[in-house]
Amino acid sequence: MMGISTHGMVRLSPYTTRLRNGAVDPKAVPGVDQRAASLALVDGNNAHGPVVATAALEAAMRIAGETGIAYVGCRGSNHLGALVPYALRACEAGFVMLAGTGASATMPPFGGAEARIAAPCPEGPHFILDMAMSVAARGKIRAARDAGQSIPEGWAVDAAGKPTTDPVRALEGFLVAVGGHKGSGLSMASDILSDVMAGARFLTGISSWTDNIDAPQQLGHFFLLIDPARLIGRDAFAKAMASFSETVRSATPTDPKVPVMLPGEREQTMMAEAARLGVPLKDEILAEVKALAGG
């Protein structure tokens, strides 16, 4: 619905395959272990990633509602899709959220982690920064490979570390970190918050869920929620975020036809349009969904 085609319905078929072949336990129930007033761990018990993440987010919102802040780490989980839907839910509940997920090592020296930060705006759109720590997400490179297209320079290097525009060679090699060493460092920081602190696998210990479709990933996620009402007050925060949003969105655009938008505004606009008009799907994706449904 948000137009994130690399993490949407295209994932349904491999998710189903992993459930059917036992790589993911369809009957697993995540367990929540609250370790302190504002700290909790969720053991996913090899459940589907979105199931684990939803349990963690619900626990984080409950704890933050009680104490004002919550860190909930996850382990024993699998690929959770895009993090932006969880960010939107946190914003709608009035929380500022910083979240991340572990991933298989796809960037030199190691990393491939993703991070999100979100803050609610009183009348929307909410501020939702949703990005991988690489210049481009691996899913976009797979999409270029499937479409028989090249990728832009600066996205990836091949197995020998040489820049490439060939998506096949890129998938055999590594993604390029955004901001060079700074992006690589941020990726490692996200990996520590997502995996190390939660007791999950990390760095090269995480297998690719697409390349090793029969193997559990045992990766981690984290959700850090803050209740701004406990700091400057809900009304004061809403007023400040309204001013923040207006300042950003009223900036003079470099292209008069393209207005300046908040991070996440485009996705929220597309979600509203999808709710009204439906979700556009490629014919091959629709065929896969129908095949999975048995019709």
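The values are calculated or read from the model by the stated rules, or taken from the named source; none is laboratory data. A quick note: this is a predicted structure, and the numbers were derived from the prediction, not measured. We place every Cβ from the backbone using ideal geometry, glycine too, and count neighbours over all the protein chains shown. Ligands, DNA and RNA are excluded from the accessible area calculation, which covers all protein heavy atoms including side chains. Shrake-Rupley method; radii C 1.70, N 1.55, O 1.52, S 1.80 Å.
List of remarks:
- Test item: Cα-centred dipole of the chain, Lys/Arg +1 and Asp/Glu -1 on Cβ, debye: 80
- Gyration tensor (alpha-carbon) shape descriptor, region 4-135, a/c threshold 1.5: oblate
- Global form of the chain, assessed from the alpha-carbon gyration tensor, a/c cut-off 1.5: rounded
- Over region 224-266 - Rg/Rh using Cα atoms and the Kirkwood inverse-distance radius: 1.13
- Sorted peptide list for 271-278, 260-267, 51-58, criterion being average Cβ within 10 angstrom, highest first: 51-58, 260-267, 271-278
- Using every pair of distinct Cα positions in region 71-182, the Kirkwood expression returns a hydrodynamic radius of 15.4 angstrom.
- Heavy-atom accessible area per residue - region 15-55, 1.4 Å, Å²: 48
- Length released on extending from LEU286 to THR6, taking residue separation times 0.36 nm less the Cα-Cα span: 99.3 nm
- For region 150-163, 3J(HN,Hα) per residue [Karplus equation, 6.51 cos²θ - 1.76 cosθ + 1.60, θ = phi - 60°, Hz, x = Gly/Pro]: 7, 10, x, 5, x, 7, 7, 10, 7, 4, 8, x, 9, x
- Averaged over its residues, region 173-256 has an accessible area of 55 Å² per residue, based on protein heavy atoms and a 1.4 Å probe.
- Here the accessible area of the chain is 59 percent carbon and sulfur, with a 1.4 angstrom probe and all protein chains present.
- Cα gyration tensor shape of region 139-273, rounded if a/c is under 1.5, else prolate or oblate by comparing a/b with b/c: oblate
- Label point at ARG89 placed 7 Å out along Cα→Cβ; residues across region 191-225 whose backbone nitrogen lies under 18 Å: 220-225
- Restricting attention to region 1-145, close to 75% of DSSP beta bridges with both partner residues there are antiparallel.
- Restricting the GluC sites (Glu not before Pro) of region 123-190 to loop positions (DSSP other than H, G, I, E, B) with no more than 12 neighbouring Cβ atoms within 10 Å leaves GLU123, GLU153.
- Dimensions of region 48-99 along the principal axes, based on C-alpha atoms and rounded to the nearest Å, stand at 28, 19, 14, largest first.
- Sequence-distant residues sharing a close amide H with GLN218 (under 5 Å, placed H): SER77
- For region 199-262, the list of trypsin sites (Lys or Arg not before Pro) that fall in a loop by DSSP and count at most 14 other C-beta atoms within 10 angstrom reads LYS257.
- Proximal lysines relative to LYS182, as straight alpha-carbon distance under 23 Å, when same-chain residues fewer than 8 apart are discounted: LYS140, LYS162
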